[in-house]
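S.K.: Structure in structure tokens, see below.
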Amino acid sequence: MKIILGRSLLNWIVICFLLLYVTQAYQVGDLVTLNMNRIWTYNNVVGPIFSFYNKLPLCSSNKDLFSLSFSQILRGDELIDIPIYFLQNQTDQTICTRYITYDDVIRLKSAISDRVIFEVIADDMAVAKPLGIQDPNNNHSILINGYDIKLGYKGNSIVSIDMSTKKIHTLDLDEILGSPNINPIPLNMYYSIQWIDVSMNSEYNSNLDHNKIQKTISVSNVRWLGIFNSMILVILILTMLILIFMQVLKSDFSRYFPIGDDDLNISLDDDPIEMKGWKLLHGDIFRPPKYRMVLSSCIGSGIQILVVILIVGITKNLSLLSYNRKYSPTFKTFVYLYSICSFISGYVSSFIYSSMEGKKWKLNMILTTLIYPIPLFTTYWIINIITLQEISFIFAILKTFIFSTVLISFPLCLVGASFGKNKAQKSFKFPCKTNRLPRQIPKQKWWNSSKFHILVSGIIPFSAIYIELHYIFTAFWHYTPFHYYNTSLLYISIFLLLAVGTISSLISLYMHLNLENYKWWWFSYFSGASPCLYFLLLCLYYYLGYANKIFGSVQFHLFILSSLMTTFTLALCTASITFISSYLFIYNIYKRIKSD
């Protein structure tokens, strides 16, 4: 069995690395999918998430939910596929024809006054343009119903996109409103495609907003420099803390066990000097905590999410953040990937639960399977209710959730839980026996309380990613599409958060044990989750700071629900890593002593 599992893991790693080299290259005449995307109000930065409140009489989306990638669903994209062909120009092609009434014209006029814009996407590149303009001469609202799309190519790849308008493809809405004709009139939406070889056309390159490009490059360099400085600073701090930490531990062992490093397995009852600090807790340190089923389920679910993030990171060229790549995983792929990783969550959760002398491992398995998907689905369901989505859309999500949970997650989690339970019961044992009666925990000052240590332990990890959070918020809540965000920086930030959070929580745990408090299980978990509390506070500060651009009751609920769900997800991930690190740390330091 171990050989089979090992070969399967090796094959999966090989596949992941092969996928890294998949690139998007076109031959002449190949189909290239051009997407016209959802509309939103320029003045309201949260408006792009959903266009529910501003349905306009324009072309409707021709893509269903499960053909979208995960990030497209998060952004509320409503894509219209426009088939074009590589290096083949097209002129005045019709996207769709709609018949608009008098009321429709009023709505379009209002949308232009509100500065509504829309997005065009081709091969992971996007450009945004206004739906219409205000004529400065007579203040009439002019609807733009035709666009010239210029696609720059180099070799076999698309490298740029730009868009302009023609005067013949405009419609004066005020003239329509002033006419006596009240019958519906046809509204045709046009597009033209022009391919430009950027390697041969320097004039076209200079027209692509050179200043904006230079600004983007400089900002990118500043971000890389900032993240590099953060990494160097974090590495220096971590190295210093680890060296001090190891020196203190070595001092503890040499003080209480002066016989030598080879004779550390001695009885605590025979210590030549008085014991104090963490050494006194050997009879209570492995006493099972309250709510151990909830704790182990949260840890298993957090590890499952981290594994999914790792797989997506390894295959980032096929990332869920991709828009139009030929092999881009869709939302359904993401759901199934998470479900397949239920084996890992079942194993981790059951192993920890069984090591804490838990008996109801099947109930623990069910809780592990549902503890993250139910809040996620509930949040998404509430968002769709708020945004007045069609009931069929909501039930489509529910159907996929039930199918993946019942047919994939539960069986795999059950298998993993069975392996984890057997591993814990047959080949795992804590190094110290637990006393029958719990020892009394000394009273401490407020600055030595567990709550204070938990709050303080999250400051340094949060500060390590604070600067990058600004760019993440901008990518999600501003006009820049999220697929412009450099996901490499995101993974570096996640690594910094986990690394600094682990060291910070271990130091807090050591101080916690030296205060003769053996209740470390939940303490270590909440220490890892504490940076997420500051993340949530930053979200609230961000909302208040941009209150002039994030307005409306619906936008407020969308922002808060998204922030809460993101905080919950981060808390599961960071707390799981810090708990397992604390688990191994305590196991190893008490393994060096022998208690009879």
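Readers should treat all values here as calculations from the given coordinates under stated rules, not as data from a laboratory. This one's a predicted model, so the numbers in the text were calculated from it and none came from an experiment. Glycine also receives a Cβ, built like all others from the backbone with ideal geometry; neighbour counts cover every protein chain displayed.
S.K.: Ranking request for peptides 510-518, 371-379: highest mean number of other beta-carbon atoms within 10 Å first, then the rest in descending order.
M.R.: For the peptides 510-518, 371-379, the packing ranking is 510-518, 371-379.
S.K.: Also, I was wondering about something else. Take the cross-link list LYS109/LYS150; LYS129/LYS166; LYS421/LYS451; LYS109/LYS166; LYS359/LYS423 and give me the ones stretching past 25 Å between alpha-carbons.
M.R.: LYS109/LYS150; LYS421/LYS451
S.K.: Would you mind checking the pairs LYS362/LYS426; LYS250/LYS445; LYS290/LYS360; LYS250/LYS519 and listing those with alpha carbons more than 20 angstrom apart?
M.R.: Cα-Cα > 20 Å for LYS250/LYS445; LYS250/LYS519; rest within.
S.K.: How long is the gain from ARG115 to PHE245 if the chain were fully straight, where each residue apart is worth 0.36 nm and the alpha carbon distance is subtracted?
M.R.: 41.0 nm
S.K.: Right, here's the next one. Between LEU469 and THR91, what's the calculated FRET efficiency when r is the beta-carbon distance and R0 is 56 Å? Round to 0.05.
M.R.: 0.75
S.K.: Which order do peptides 189-195, 338-344 fall in by mean Cβ count within 10 Å, highest first?
M.R.: Packing proxy ranking, top to bottom: 338-344, 189-195.
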